[in-house]
Amino acid sequence: MKKILTLFILTAITFSFSQAQTFESKVDGLLNQIFKDKNGPGGVFLVARNGKSVYQKAFGNANIELGVKMQTQNVFQLGSMTKQFTAIAILMLVEQGKIDLQKPISAYIPDYPMGDQITVHHLLTHTSGIKDFTKMKSLNQIAQQNLSPKQMVDFFKNGPVDFNPGEKFEYNNSGYVILGYLIELVSGDTYENYLNKNIFEKIGMKHSRYASDVAIIKDRAYGYQQKTSGYVNKTAISFSIPFSSGALMSTVDDMLRWQNALNSRLILKSETIKKAFSKYKLNSGETFNYGYGWHLKDINGVATREHGGSIFGFKTMGVYIPEQDIYVLGLSNCDCNSPTQVVKDIATLALNTFGKN
């Protein structure tokens, strides 16, 4: 009996090892198709299952000029993946009784146009109708200015709304800038400090921060863009412009800590965090696939929480499959190498490989 049990265990271990090897080679194959230029920019990719990394590799270069190879600990700009941190920070303040999701934003910013009709919930779900500042032609005039959150809100607040609040879902960066401003107004702290103290330090995200082109950031991956003439350094932008809609930096390891913290309810109570991962309805009663800071989609009928990011020189994508506790993340330091589709492909592969185990 002992021999049979031992044989069974050895067989299971061998199968699991073989399965992991096969998965690794398949993921390598997908990523090598994207990062063909060994002298160009690259990316870092992670696959985690049950909270632990099962795949983590770096491709290409973190700095082209110096020929510095990418490493898995490199720090990337996240772009719009910032929004999930902003949304959770808002929910933390909801738990503290400092913010009411159903209150109009005029309760916090009295002079905001139509502020008595637009709620905090509308901002979180991209259903406010507020003009997205990234689509405004005048954006170039302020792109490199260091603005306060109030000045940034003032930049777009008087523009005509695109639709009435709650009428439709339309992805909107302006709403998340306002949310960052609300965090500052009700907490009495800066957005940067609030996240540092209440999220990054609490979870142990030691390599995550508000972005800066001036600060010395250990293991920084430099951002690039591809033109017809070849690679160039990313276009400069003041991080006060994307602010709470897209100005954070992190690593794949820190982002896994973030995902695990969300799962363990380290930051919020179960009933509160559930709000971030719930689908909501428009005024018409139609359901849309966005919660608070995450797109709520599926892979072959299995529910996912997804979000990508794009900011000059960087593109990012993360997919989480709660049913199987599978997390796939891709961070790229060139907007010529979007990880969006390949991360979805890897997530599908991970689901097919590990999903039934």
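I'd like to compare 105-111, 311-317: which one has the highest average count of other Cβ atoms within 10 Å, and what's the full order after that?
Result, highest mean first: 311-317, 105-111.
Just in the stretch 257-322: which GluC sites (Glu not before Pro) are loop by DSSP and have at most 16 other Cβ atoms within 10 Å?
Hits after loop and neighbour filter: GLU286.
Taking a ≥ b ≥ c as the square roots of the eigenvalues of the Cα gyration tensor of the stretch 192-304, is the shape rounded (a/c under 1.5), prolate (a/b larger than b/c) or oblate?
Oblate, because a/c is 1.5 or more while a/b does not exceed b/c.
Excluding same-chain pairs closer than 8 in sequence, count the lysine pairs in the stretch 43-165 whose Cα atoms lie under 21 Å apart.
Summing the qualifying lysine pairs gives 17.
Along the principal axes of its C-alpha atoms, what lengths does the chain span, in descending order and rounded to whole Å?
The Cα atoms of the chain stretch 76, 52, 36 Å along the principal axes, largest first.
On average, how much accessible surface per residue is there in the chain, in Å², for a 1.4 Å probe, leaving out ligands, DNA and RNA?
Each residue of the chain exposes 45 Å² on average to a 1.4 Å probe.
Please give the FRET efficiency for VAL186 paired with LEU66, using the beta carbon to beta carbon distance and R0 = 45 Å, rounded to the nearest 0.05.
So, using R0 = 45 Å, E works out to roughly 0.55.
Using every pair of alpha-carbon atoms in the stretch 242-308, split the distances into 10 Å bins beginning at 0 and state the percent of pairs per bin, rounded to integers.
Once binned at 10 Å, the Cα pair distances of the stretch 242-308 give 17, 41, 35, 6, 0.
So which helices of the chain fit the span-like rule, where a helix is a whole DSSP H run, its Cα atoms reach 27 Å or more along the axis, and its mean Kyte-Doolittle is at least -1.0?
The answer, listed by residue number, is 2-34.
Based on DSSP H runs of at least 4 residues, each adding -39500 (n - 2.57), what is the mean residue ellipticity at 222 nm of the chain after dividing by all its residues, to the nearest 500 deg cm²/dmol?
Only helices count here, giving -10000 deg cm²/dmol.
Under the √(5λ) rule applied to the eigenvalues of the Cα gyration tensor, what semi-axes describe the equivalent ellipsoid of the stretch 80-203? Give them in Å, descending.
The answer is 22, 18, 13 Å, longest axis first.
Each residue of the stretch 326-334 in turn: what ³J(HN,Hα) in whole Hz from Karplus with 6.51, -1.76, 1.60 and θ = phi - 60°, glycine and Pro shown as x?
Per residue, the Karplus-derived 3J(HN,Hα) values read 10, 10, 10, 9, x, 10, 10, 9, 8 Hz.
Expressed in nm², what is the orientationally averaged projection area of the convex hull enclosing the Cα positions of the stretch 136-256?
10.2 nm²
So what is the relative contact order for the stretch 59-123, in percent, with contacts set as C-alpha pairs under 8 Å and at least six apart?
Relative contact order comes out at 17 percent.
Would you rank LYS38, LYS206 by solvent-accessible area, highest first, keeping every protein chain in place and using a 1.4 Å probe?
Final ranking, largest accessible area leading: LYS206, LYS38.
Counting only protein heavy atoms and using a 1.4 Å probe, what share of the accessible area of the chain belongs to carbon plus sulfur, as a whole percent?
The computed percentage sits at 51.
Compute the separation of the alpha-carbon centres of the stretch 92-161 and the stretch 314-357 and state it in Å as a whole number.
Taking the Cα centre of the stretch 314-357 as reference, the centre of the stretch 92-161 is 31 Å away.
Excluding GLU306 itself, calculate the net charge of residues whose Cβ lies under 10 Å from the Cβ of GLU306, where each Lys or Arg counts +1 and each Asp or Glu counts -1.
+2
Arranged from highest to lowest average of other beta-carbon atoms within 10 Å per residue, in what order do the peptides 48-58, 94-104 appear?
Order by mean packing, descending: 48-58, 94-104.
In terms of the Cα gyration tensor, with a ≥ b ≥ c the square roots of its eigenvalues, is the stretch 251-357 rounded because a/c is under 1.5, prolate because a/b exceeds b/c, or oblate?
Here the stretch 251-357 falls in the rounded category.
The values are calculated or read from the model by the stated rules, or taken from the named source; none is laboratory data. Given the structure is predicted, the values throughout are model-derived calculations rather than measurements. Please note: Cβ atoms are built from the backbone with ideal geometry, for glycine as well, and neighbour counts cover all protein chains shown. What goes into the accessible areas is simple: the full protein's heavy atoms, side chains included, and nothing from ligands, DNA or RNA. Shrake-Rupley method; radii C 1.70, N 1.55, O 1.52, S 1.80 Å.
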